[in-house]
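Asks: I'd like to ask you about the structure that follows.
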Amino acid sequence: MPADDPASPACLAHEADDAYMGFATRAEIVRFMADLEAAPAAQQADMLRRMLPKIRDDVLHAELSARLAGIAPVGSKA
C-alpha cells in the first residue's frame with residue numbers, strides 16, 4: 001500500500017456527502033427554510049435550535065444563528 005493511501009475509511013470522511021455525515025442535505029435545508037417562514041414566531045426559535053447542529057455551511061450557520069439571537073436572547077428558552 002502506497003504511503004499516501006488513507007489508512008482507514010475515516011480518512012475519507014471529508015469526501016462523504018452531508019447526509020452520510022449527519023448534516024442536512026440541500027433539499028432538507030430548503031424545506032426547513034420554507035417551514036420556518038410559515039411557522040408561528042413562537043415555534044421558530046425551537047426549530048432553529050434543532051436545525052443548527054445539522055448545518056455544515058459556515059455562512060448559513062452564522063446567518064441562522066443570528067436569526068435565532070434576534071428571536072431569543074442568549075440563554076433564554078423562548
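Asks: Pull out all pairs, ordered by first then second residue, where Cβ-Cβ is under 8 Å, the residues are six or more apart or on different chains, the first lies in the stretch 31-54 and is within 19 Å of Asp18 (Cβ to Cβ), and the second is assigned to a helix (DSSP H, G or I) and of a type in the set (Lys, Arg).
Replies: Note: pairs meeting the criteria are Leu48/Arg67.
Asks: Considering the stretch 32-53 alone, what residues qualify as being among the polar types (S, T, N, Q) and out of contact with any helix residue (DSSP H, G or I) (no Cβ under 7 Å at 6 or more places or on another chain)? Walk me through it before giving the result.
Replies: Start the filter on the stretch 32-53 by keeping residues that are among the polar types (S, T, N, Q), which leaves 43-44.
The one that is among the polar types (S, T, N, Q) and out of contact with any helix residue (DSSP H, G or I) (no Cβ under 7 Å at 6 or more places or on another chain): Gln43.
Asks: Return yes or no: is Pro2 touching a Leu at 6+ places or on another chain (Cβ under 6 Å) and at pLDDT below 90? Give the steps one after another, and end with the answer.
Replies: Numbers: touching a Leu at 6+ places or on another chain (Cβ under 6 Å): no; at pLDDT below 90: yes.
No; evaluated as a whole, the condition is false for this residue.
Asks: Filter the stretch 5-31 down to the residues that are in contact with a helix residue (DSSP H, G or I) (Cβ under 7 Å, 6 or more places away or on another chain) and modelled with pLDDT under 70 and list them by number.
Replies: Residue satisfying the conditions is Pro6 alone.
Asks: Which of the following residues is assigned to a loop (DSSP other than H, G, I, E, B), surrounded by 10 or more Cβ atoms within 10 Å (Cβ to Cβ) and either at pLDDT below 75 or not small (Gly, Ala, Ser) (or both): Arg67, Arg56?
Replies: Values: Arg67 fails: assigned to a loop (DSSP other than H, G, I, E, B).
From the options Arg67, Arg56, the qualifying one is Arg56.
The values are calculated or read from the model by the stated rules, or taken from the named source; none is laboratory data. Keep in mind the model is a prediction, meaning the values are calculated, not measured. Every residue, glycine as well, gets a Cβ built from its backbone with ideal geometry; the counts of neighbours run over all protein chains shown.
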